[in-house]
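Trainee: Just dropping this structure here.
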Amino acid sequence: MKLLIDFLPILLFFIAYKLAGIYVATGVAIAAAAIQVGWVWWRHHRVEKMHLATLALLAIFGGMTLALHDPIFVMWKPTLVNWLFAVVFLGSHFIGRKTVIERMMSHAIDLPAEIWPRLNLLWVIFFFLSGAANLYVVYDFSGFYVAQQALMVAAGLTDIDLATCADQFQGSLLAQCQEAQAREDTWVNFKLFGMLGMTVAFVIAQGLYLARHIRQPAEVPEA
C-alpha cells in the first residue's frame with residue numbers, strides 16, 4: 001500500500017501526460033504530491049522529510065516548467081531527487097550513530113552491525129545511478145533535448161507545446177514535431193516503467209543480499 005501511495009504522483013503524471021501533454025501532467029503531479037503529503041500528515045500527524053523534499057523539488061522545478069514553458073526542468077527533477085537521497089544516505093555514514101537505512105529497517109530485521117553500512121552504501125550507489133540514468137535518457141538515449149531545440153529553432157519559437165504542435169505545423173516542421181514528441185514519450189515511459197523497474201529489481205537484489213545475513217533467533221531448548 002505504501003509503495004502505491006509513493007508512486008501515485010508518478011502514475012497520475014503518466015496518465016495526465018497521455019491525455020493532455022507534459023504541462024498538464026506537471027500540474028497534476030504537483031497537486032498529487034501536495035495531496036499525498038497532506039494525507040500522510042492527516043493520517044499520522046507527521047511527514048517524512050524525504051516526502052517534503054520531493055514535494056519541494058517538484059514544486060520548484062515543475063513550477064519552472066510551467067512558468068517558462070520548458071519540460072527540461074521537470075525532467076531534471078527525478079535526477080535531483082535521487083541525488084539528494086544519495087547525499088543524505090551517504091552523509092549518515094558520518095553524522096549520527098546509525099545510517100539512514102538502519103534507522104528505517106532495524107525495527108523489522110536483525111542484521112550484524114557491519115552489514116548496515118554496506119547496505120546503506122548500496123542505496124547510495126543505486127540513487128546515484130538512477131539519477132544518472134534519467135539524464136542519460138533525457139539527453140542521449142531519447143535525444144529529446146536536441147530534438148526539441150531543433151524544432152524550436154526551425155519554427156522560430158522560444159517555447160513549444162508538443163501536445164498541440166501537430167495542429168500548428170505542416171511538412172518538415174510537422175515531422176520534427178512528431179519526432180520530438182516521440183522522444184518525449186520515451187522519457188515519460190522511462191520515468192514510470194524504467195525507474196519503477198529499476199527500483200523493484202534493486203529491492204529484490206537487496207532481499208537476496210539480506211537473506212544471507214539475517215540473524216536467526218536462537219532456539220529455546222526444550223525442558
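The values are calculated or read from the model by the stated rules, or taken from the named source; none is laboratory data. Because the structure is predicted, anything quoted here is derived from the model rather than measured. Neighbour counts run over all protein chains shown; Cβ positions are idealised from the backbone, glycine included.
Trainee: Take the residues of the range 112-158 that are of a type in the set (A, V, I, L, M, F, W, C) and assigned to a loop (DSSP other than H, G, I, E, B): which is surrounded by the most Cβ atoms within 10 Å (Cβ to Cβ)?
Mentor: Result: 157.
Trainee: Does residue 187 qualify as being of a type in the set (A, V, I, L, M, F, W, C), at pLDDT 90 or above and over 24 Å from residue 26 (Cβ atoms)?
Mentor: When the stated conditions are applied, residue 187 does not pass them.
Trainee: Got at least one residue in the range 167-175 being at pLDDT below 90, within 27 Å of residue 12 (Cα to Cα), assigned to a helix (DSSP H, G or I) and touching a Cys at 6+ places or on another chain (Cβ under 8 Å)?
Mentor: no
Trainee: Please determine whether any residue of the range 157-171 is in contact with a Leu (Cβ under 6 Å, 6 or more places away or on another chain) and farther than 16 Å from residue 65 by Cβ. Show your work before the answer.
Mentor: Taking the range 157-171 first, the residues in contact with a Leu (Cβ under 6 Å, 6 or more places away or on another chain) are none.
No, that holds for no residue.
Trainee: Take the range 94-111 and flag every residue that is farther than 15 Å from residue 207 by Cα, not hydrophobic (A, V, I, L, M, F, W, C) and not in a helix (DSSP H, G or I).
Mentor: 96, 97, 98, 99, 107
Trainee: Checking the conditions here, which among 65, 54, 79 is hydroxyl-bearing (Ser, Thr, Tyr) and at pLDDT below 90?
Mentor: Only one candidate passes the filter, namely 54.
Trainee: As an exercise: evaluate residue 11 against (1) in contact (Cβ under 8 Å) with a residue 12 or more places away in the chain; (2) more than 13 Å from the chain's Cα centre (by Cα) and give the number of the one condition it does not meet.
Mentor: Residue 11 satisfies all of (1) in contact (Cβ under 8 Å) with a residue 12 or more places away in the chain; (2) more than 13 Å from the chain's Cα centre (by Cα) except (2).
Trainee: A follow-up question, please. Scanning the range 93-108 for residues that are in contact with a helix residue (DSSP H, G or I) (Cβ under 9 Å, 6 or more places away or on another chain) and not polar (S, T, N, Q), which turns out surrounded by the most Cβ atoms within 10 Å (Cβ to Cβ)?
Mentor: My answer is 101.
Trainee: Now, a different point. For the range 130-174, name all the residues that are among the charged types (D, E, K, R), in contact (Cβ under 8 Å) with a residue 60 or more places away in the chain and closer than 17 Å to residue 76 by Cβ.
Mentor: 159
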